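Please read through the structure below; I'll follow up with questions.
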Amino acid sequence: MPSVENTAYDPQQVETAAQQYWDATRAFEVDETSDKPKYYCLSMLPYPSGALHMGHVRNYTIGDVISRYKRMTGHNVLQPMGWDAFGLPAENAAIKNNTAPAKWTYANIDHMRSQLKSLGYAIDWSREFATCTPEYYVHEQRMFTRLMRKGLAYRRNAVVNWDPVDQTVLANEQVIDGRGWRSGALVEKREIPQWFLRITDYAQELLDGLDELDGWPDSVKTMQRNWIGRSEGLEIQFDVRDADGAALDPLRVFTTRPDTVMGVSFVSIAGEHPLAQHAAKNNPALAELLAELKQGGVSEAELETQEKRGMDTGLKAIHPISGEQVPIWVANFVLMGYGTGAVMAVPGHDQRDFEFATKYGLPKKQVIALKHPKNDDERTYDPDRWQDWYGDKSREIELVNSAEFDGLDFQGAFEALAERFERKAQGQRRVNYRLRDWGVSRQRYWGCPIPVIYCGQCGAVPVPEEQLPVLLPEDVQFTGTGSPIKADPEWRKCACPECGADAERETDTFDTFMESSWYYARYTSPGAREAVDKRGNYWLPVDQYIGGIEHAILHLMYFRFFHKLLRDARMVDSNEPAKNLLCQGMVIAETFYRQNADGSKDWFNPADVDVVRDERGRITGATLRGDGQPVVIGGTEKMSKSKNNGVDPQAMVAKYGADTVRLFSMFAAPPEQSLEWNEAGVDGMARFLRRLWAMVQKHAAEGSAPVLDVAALSAEQKAIRRKTHETIGKVGDDYGRRHAFNTAIAAVMELLNVLAKFDDAGAQGRAVRQEALQAAVLLLNPITPHACHAMWQLLGHGETLLEDQPFPQVDASALVRDALTLAVQVNGKLRGTIEVAADAAREQIEALAQAEPNTAKFLEGLAIRKVIIVPGKIVNIVAG
């Protein structure tokens, strides 16, 4: 046993020693040869921004606790780490710092790796990669060329958000009030060639697969179901005539409510629709409107909330049943990229159509009525109350003003109309999805080059696999206007791999969701020639995936889609990438500010503010430390740069140690809930660790404890041992089943409180204390591994790897009580307690209960009618 010195807990010394030991023993490197069951625990990989934030700390600590616990329960645990290293932030930083994105990215990776290591995570660093390296993205390029040959990757024109200053496509969330988030320029809707992956071919499988994901939160599965948006309806054809009566190409619309077709009073089309472009040729006012509609974003959310605008094209659609001519209008809420770019408008029974028709004086017609109206008010149709007739699925409806379809309910009308349209070749039944194919093109530099060559003779040709990777040049001058590879004719120039003629490379790069959609699989197969080799089937699917709820739709949808692509390429056997998903809550903190004369706010970091709290810990006042003057308390919000309420994890680690930061992150709230940062709480965790350290030091300094002799224990010793094993059971369940790390910590705190009152220096007293302290160290090891590593040695275990010690097991015999404390009630009200032998007879329990002094006082003058005994808990005497 190492020498024991009665020294205070020094987190820096303890943590450095533990990390050096783990590095020297390569403690967390794993392979596939173990005879233990595998467990793959994965937290979403970080973007190398240059500094960890508290969201990172919480996310990775959750994963580390689960990983370490699973290792202690006998699993071969993989917990890897990498870097989601491509993307726009690196370009912004390059502009700001006058450097190349690659240089900035690699420097940040080095810094953040050291930060993560300082927190002591049990990561297999031998599998680390950055997605911006050719060794990684070559596999992505190879996969894409294979998808091209299978027809699952294709190129077509698409309407996008175009920033005319930055010369790039913007995602919907990068358009703010119609302007580019970085340049401030008015965004244009522009139609440009884009590459897509046919995720819609997998729409039904992605939908059905959600039913198999029992370990995913219902909220995430609901969001994905809504995003996929399966709907059954009819695609209906409307013939089209121009102002002179000449026939034009017909319109096709999809509707889930064909029962309202007789209520169509106009057809609305997108500004980019070919019919709109045709009508605008001889209509300057319409052409001007179409030019205006090119401004602003293309997100559905934006279109739903903006003011309804439109114009009559002068074209007419022929109603497929009545034969009536209805006007065709351009409407700003119709997107060319969704459905057919045309919508049959039923303003009598649809809110959006109603608002548009009201603004432009278009007719509204009732075609739906309640089958069983409750009163005269429900019999009188009012188009302002369209929900009553159209949106209430609980009420039976029938068709009215619909010719031969009058009286039919929804299903009857659907079948009758489907039969008619299919017989007359005017339409067909269709299943439609809200999900669109995944556009993977970006007009940016810092991304994986799309491996395509353009030849004047052969068209778009995939780069041959033997010529991969297509390398992204890293040593470039980056100004932010345009892409260096678009501006470099030498980089673009190449020969066509099919005919040998002069050709040019694609200068678009992949959406960075591409890299993060398959990274989890690459961790399983480091060094493999293909993206994944046979080792993938050993580790996959991921057993526990951890990340923020903000990734519920896009990342997790592409993550699932890409796994199916890998499966269909016979690289993996499983259908889904992850069995279980845990979405951790945000880290929030107080905000403080002062209002400026112009209405702007100066935000102050909580570290620079002194606060006054009331007896319940609520902040009642705050002053800026620099000048002593008051600041406004802004409430708690997610940590962010904009509110200046972030807390530097490294500063906290330097002040308190990594274990204390980890402990607070797990104690302050359950993983799924928001965690409010409170440095007073951090200080409380530091005191708890110092207390545990002191208890272990004191016990170890007294020498080795004797072997525990269960048969020789006193009642008090048995009580301590019972508390130890109750805690083991509680903490094991909290870690393994509930992921309730906060209550696990609280249970260990409670054990130590009981142990602190146990003043027994005898041989078996020390043996009981040894068992309790060993249990506390083992139970806390997943959360505070550095301190537990040192305390395990102090308790006499030498240089052994604590992670390989089995998680403590409950000794059922320790839970058996010799005596029981029972509550005694009279007519349901607590009047006293009694202590009885665990095997006491009913008659003895009744007699002791009635004799209990306080209980006897309340029984005076009453006749006992019956005695109810709840074994081990309560005696209730019913008297009157």
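The values are calculated or read from the model by the stated rules, or taken from the named source; none is laboratory data. All figures in this text were calculated on a predicted structure; none of them were measured in a lab. Don't worry about glycine lacking a Cβ; one is built from the backbone with ideal geometry, like all the others, and counts go over all protein chains shown.
Name the residue that is nearest to Arg182 (Cα to Cα), counting only residues in segment 474-516 that are surrounded by fewer than 19 Cβ atoms within 10 Å (Cβ to Cβ) and of a type in the set (Ser, Thr, Tyr).
Filtering segment 474-516 for residues that are surrounded by fewer than 19 Cβ atoms within 10 Å (Cβ to Cβ) and of a type in the set (Ser, Thr, Tyr), the one nearest to Arg182 (Cα to Cα) comes out as Thr481.
I'd like the full set of residues that are among the aromatic types (Phe, Trp, Tyr) and under 20 Å from the mean Cα position of the chain (by Cα), limited to segment 497-522. Steps first, please.
Step one: filter segment 497-522 for residues among the aromatic types (Phe, Trp, Tyr), giving 510, 513, 518-520.
Those that are among the aromatic types (Phe, Trp, Tyr) and under 20 Å from the mean Cα position of the chain (by Cα): Phe513, Trp518, Tyr519, Tyr520.
Ok, one more. Among residues belonging to segment 672-729 that are outside any loop (DSSP other than H, G, I, E, B) and aromatic (Phe, Trp, Tyr), point out the one that is nearest to the chain's Cα centre (by Cα). Before the answer, list the steps.
First pass over segment 672-729, keeping only residues outside any loop (DSSP other than H, G, I, E, B): 675-676, 679-701, 710-712, 715-729.
Now narrow it down to the ones that are aromatic (Phe, Trp, Tyr): 688, 693.
On the way: Phe688: 32, Trp693: 37 Å.
Out of the qualifying residues, it is Phe688.
Something else: Gly599 - would you say it is crowded, with 21+ Cβ neighbours inside 10 Å, free of Cβ contacts under 8 Å to residues at least 40 places away in the same chain and not aliphatic (A, V, I, L, M)? Step through it out loud before you land on a result.
Working: crowded, with 21+ Cβ neighbours inside 10 Å: no; free of Cβ contacts under 8 Å to residues at least 40 places away in the same chain: yes; not aliphatic (A, V, I, L, M): yes.
Against the criterion (crowded, with 21+ Cβ neighbours inside 10 Å, free of Cβ contacts under 8 Å to residues at least 40 places away in the same chain and not aliphatic (A, V, I, L, M)), Gly599 does not qualify.
Test of understanding: among Glu292, Glu272, Glu205, which residue is surrounded by fewer than 17 Cβ atoms within 10 Å (Cβ to Cβ) and at pLDDT below 95?
Working: Glu272 fails: surrounded by fewer than 17 Cβ atoms within 10 Å (Cβ to Cβ); Glu205 fails: at pLDDT below 95.
Checking each option against the conditions leaves just Glu292.
Just to check your reading of the model, which residue among Thr821, Thr855, Thr800 is among the β-branched types (Val, Ile, Thr), at negative phi, in contact (Cβ under 8 Å) with a residue 12 or more places away in the chain and not in a helix (DSSP H, G or I)? Let's see the steps before the verdict.
Details: Thr855 fails: not in a helix (DSSP H, G or I); Thr800 fails: in contact (Cβ under 8 Å) with a residue 12 or more places away in the chain.
On inspection, the qualifying residue turns out to be Thr821.
Go through (1) without any contact (Cβ under 8 Å) to a residue 40 or more places away in the chain; (2) over 46 Å from the mean Cα position of the chain (by Cα) and name the single condition Trp792 misses.
In the conditions (1) without any contact (Cβ under 8 Å) to a residue 40 or more places away in the chain; (2) over 46 Å from the mean Cα position of the chain (by Cα), Trp792 misses (2) alone.
Conditions (1) crowded, with 16+ Cβ neighbours inside 10 Å; (2) within 19 Å of Gly120 (Cβ to Cβ); (3) in contact with a Lys or Arg (Cβ under 8 Å, 6 or more places away or on another chain); (4) of a type in the set (Phe, Trp, Tyr), marked per residue:
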site	(1), (2), (3), (4)
Asp627	no, no, no, no
Gly634	yes, no, yes, no
Met639	yes, no, no, no
Val661	yes, yes, no, no
Phe664	yes, yes, no, yes
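Follow-up question, since we're still on this one. Among the helices (runs of 4 or more DSSP H) confined wholly to segment 1-120, which include 3 or more residues that are surrounded by 20 or more Cβ atoms within 10 Å (Cβ to Cβ) and under 28 Å from the mean Cα position of the chain (by Cα)? Break it down into steps so the answer makes sense when it comes.
Working: elements: 11-25, 54-72, 88-97, 101-118.
The helices (runs of 4 or more DSSP H) meeting that bar are 54-72, 88-97, 101-118.
Another question about this same structure. Output yes when any residue across segment 811-826 is under 30 Å from Phe667 (Cα atoms) and among the basic types (Lys, Arg), and no when none is.
no
For Arg146, state whether it is assigned to a helix (DSSP H, G or I), out of contact with any Gly (no Cβ under 9 Å at 6 or more places or on another chain) and surrounded by fewer than 18 Cβ atoms within 10 Å (Cβ to Cβ). Outline the logic, then answer.
Details: assigned to a helix (DSSP H, G or I): yes; out of contact with any Gly (no Cβ under 9 Å at 6 or more places or on another chain): yes; surrounded by fewer than 18 Cβ atoms within 10 Å (Cβ to Cβ): yes.
Judged against the criteria, Arg146 is a match.
Mind counting the residues in segment 295-334 that are of a type in the set (A, V, I, L, M) and at pLDDT below 95?
Residues flagged as of a type in the set (A, V, I, L, M) and at pLDDT below 95 within segment 295-334 amount to 4.
Here is a follow-up. Enumerate the strands (runs of 3 or more DSSP E) found wholly within segment 403-471, keeping only those where 3 or more residues are under 30 Å from Gly323 (Cβ atoms). Give the steps one after another, and end with the answer.
Details: elements: 427-433, 452-455, 459-462.
Strands (runs of 3 or more DSSP E) meeting the threshold: 427-433.
Which ones in segment 176-197 are free of Cβ contacts under 8 Å to residues at least 40 places away in the same chain, closer than 23 Å to Thr479 by Cβ and assigned to a loop (DSSP other than H, G, I, E, B)?
Trp181, Ser183, Gly184, Ala185 - these are the residues of segment 176-197 that are free of Cβ contacts under 8 Å to residues at least 40 places away in the same chain, closer than 23 Å to Thr479 by Cβ and assigned to a loop (DSSP other than H, G, I, E, B).
Further question on the same structure: Which of the residues spanning segment 708-745 are among the aliphatic types (A, V, I, L, M) and farther than 15 Å from Ala772 by Cβ? First the steps, then the outcome.
Start the filter on segment 708-745 by keeping residues that are among the aliphatic types (A, V, I, L, M), which leaves 708, 710-713, 715, 719-720, 728, 731, 740, 744-745.
Matches in segment 708-745: Ala711, Ala712, Ala715, Ala740, Ala744, Ile745.
Looking at Val165 and the list (1) surrounded by fewer than 18 Cβ atoms within 10 Å (Cβ to Cβ); (2) β-branched (Val, Ile, Thr); (3) outside any loop (DSSP other than H, G, I, E, B), which single condition is not satisfied?
(3)
Would segment 631-652 turn up any residue that is assigned to a helix (DSSP H, G or I) and among the polar types (S, T, N, Q)? Even if it seems obvious, please write down each step before you answer.
Kept after step one, since they are assigned to a helix (DSSP H, G or I), are these residues of segment 631-652: 649-652.
Subset that is among the polar types (S, T, N, Q): 650.
Yes: one or more hits.
Given the conditions (1) under 36 Å from the mean Cα position of the chain (by Cα); (2) touching a residue at least 40 places away in the same chain (Cβ under 8 Å), report the number of the one that Cys494 does not fulfil.
(1)
Taking Thr800 as meeting all but one of (1) crowded, with 17+ Cβ neighbours inside 10 Å; (2) within 26 Å of Asp709 (Cα to Cα); (3) not hydrophobic (A, V, I, L, M, F, W, C), write down the number of the exception.
(1)
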